[in-house]
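Below you'll find the structure, written out as structure tokens, and then a few comments.
Read-outs throughout are calculated quantities, based only on the coordinates presented, and are distinct from any laboratory measurement. Quick caveat, the model's predicted, so the values are computed rather than measured. As a convention, Cβ positions derive from the backbone with ideal geometry for all residues, glycine included, and neighbour counts pool all protein chains shown.
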Ligand code: ADP
Ligand code: MG
């Protein structure tokens, strides 16, 4: 059945010296029977056995199994051969210590993608006389019992050849005899090839003996010619499913828990760092602007300005009537122009006397000419009257509120804050001047409108320490009222500006334009994109959102963060590759023997690959899940930090689907990179080498 033809094996040691382990071995094994390979230690017995088992390849010569030469075998043929034809019994048992007898035996079948039935297992255990130990753990067994389990494990596959390498080397004499008896019994059904250095046993039990000395055989053997017709097809068994291999790798192989945990922690940190970095790298100015409108419930940024953002910083450019017309036509909106006016005295006096109080406006945002219909349409309720003549104005609740906090001072009239009521303010004078600083003109308050200003927010503000971050944050709330809303305007009769200010020049255009904000993000986005389209580099049309006062500073910062995080992200991903690589190299170094044993039991290279990757896959999987959490938290914290540092309410960064997917992709790439190299390095070695690793 099995012929060895002129087998020679030469090892190269690490020091590059050559060791001639076998020289010109010719031998023939029949279908059944008990064969012994006898020789002193170092005579080449294990080497020869490994070659017969397909675990190692001869340097020259040929092994012929059922008419087929090993030299014609490919990798999968060797797997099939080991899987179905050979049952291996080692001197050191090589059982998986943390599994019980049942599982150790069934493992041999599982590696072929098949589950053993209990009856099958009991049957093989009965053959070796230990059916009562079926659910014992391996560490609870004696050496002789362990070797019986190992023989049962070899038998469960129903192999044709049982190969045993000094199976009694670690056993007492009496026990050794029992094992020999079992093997002798089995040799009636199977071809048993046994390696031993014990001449007495060999002569007692074996029918044929191959004597080895220093790699040479003593007896002359002449081989029969092989007839090609006798060829037998190998059976290609399925291999363990990927999932089962992963599970088995993780539960059955020795794993150092402390190292695993440390690795998961470090890996989580580096993935989280990476997740954070890709988030910071992928901010969008547009999203920030739109979201800032959303967090404000679409209330405030209904004002559009046109800025020259040239080298001299930001200057307001007038929006001409034609431009306004065009914007209204294009957007199907009803924007109205706001002209800049300056308040004299009353606001200034009060504010300067309270010079810590930066919350109050020195100037209104501008003057808006309206008719009653327009105010009604906006839904603002009016206390008092609509302007009947050109020099009457309406102020807002926001100004009223300022007066209630700071009092009113104008001409010779002085009203302390506690006495301020709406009725008292009606009819009181306010001095305004137009854009080209004419002499201030006297106006009379004729009404107060409620623009929906949130007084409570403003109140909270006055309680903060002026130097605190919270103050800086909430101060911006006030800034936005100033820059971007109906709250901080004064309202005049139509045509009043021209009538009151000599140099009022409406052909120049307006400082801002204002309309109601659409109450939905897509509609806002349409306007935003439209403004972007009509903007050029130095001539930008922008929403006056709460971000506007410092958006340029903010963008500079964000760009810096983007740059730094790009570098950091790169480092983090390289770090995680190295980390995983070193974990796996280390683990695999410790598991080489198990790997060799599994190969000898018939596991395919792919199964081994997946099993030994399982730890790495597990580490990365757990780290990835934790990193999703970690990244979200860091992003959350960083947003929080930015909000207070910059006095904004909008979330700058978003860790969402795109980032999830990028992180997932990177984790997979890292896993493959880090796993593939060390595992492939070991899988490629011959199983024989791997098994020897620990035996020596
Ligand atoms: P035995 O099983 O009879 O004790 P081996 O087959 O293990 O002997 O070894 C035969 C010879 O080959 C010994 O001299 C041994 O040192 C050498 N040898 C075995 N494996 C290797 C190897 N991987 N590299 C170099 N030399 C080896
Ligand atoms: Mg040996």
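Structure data summary
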| quantity | calculated |
| --- | --- |
| Shape call, the stretch 565-634: gyration tensor on alpha carbons, a/c limit 1.5 | prolate |
| Computed helical MRE - 222 nm, the chain, DSSP H runs ≥ 4 contributing -39500 (n - 2.57), nearest 500 | -15500 deg cm²/dmol |
| Shape of the stretch 50-167, Cα gyration tensor, a/c cut at 1.5 | prolate |
| Chain lengthening between residue 261 and residue 238 when straightened (0.36 nm per residue, less Cα-Cα) | 4.9 nm |
| Extension gain, residue 97 back to residue 494 (0.36 nm per residue minus Cα-Cα distance, nm) | 133.5 nm |
| Computed E for residue 200/residue 114 - FRET, C-beta separation, R0 45 angstrom, nearest 0.05 | 0.65 |
| Sites residue 418 and residue 555 - FRET efficiency at Förster radius 56 Å, r taken between beta-carbons, to 0.05 | 0.80 |
| Cα-projected label distance for residue 181 with residue 503, points at 7 Å along beta-carbon direction, nm | 12.3 nm |
| Sorted by Cβ density within 10 Å, fewest first, the residues 593, 12 | 12, 593 |
| Pairwise label distance in nanometres, residue 219 with residue 444, each label 7 Å out on the Cα-Cβ vector | 13.6 nm |
| Degrees, to the nearest 10: 657-684 long Cα axis against longest axis of the chain | 20 degrees |
| Residues residue 685 and residue 132, FRET efficiency given R0 of 30 Å [Cβ-Cβ distance, rounded to 0.05] | 0.15 |
| Between the stretch 618-650 and the stretch 95-167, the Cα center-to-center distance that results, in Å | 52 Å |
| Ranked 274, 638, criterion: other C-beta atoms within 10 Å, fewest first | 638, 274 |
| 0 to 90° range, to nearest 10: angle between helix 143-155 axis and the chain longest Cα axis | 80 degrees |
| Inverse of mean 1/r across different Cα pairs in the chain, Kirkwood, Å | 32.8 Å |
| Relative exposure of 66, 185, 397, judged by other C-beta atoms within 10 Å (fewest first) | 185, 66, 397 |
| Two-site label geometry, residue 644 and residue 381: point separation in nm, points 7 Å out along Cα→Cβ | 3.9 nm |
| Contour excess over end-to-end distance, with Cα ends at residue 657 and residue 516 and 0.36 nm allotted per residue | 47.5 nm |
| Set of the stretch 141-161 residues, backbone N closer than 19 Å to the point 7 Å along the Cα-Cβ line of residue 170 | 141-155 |
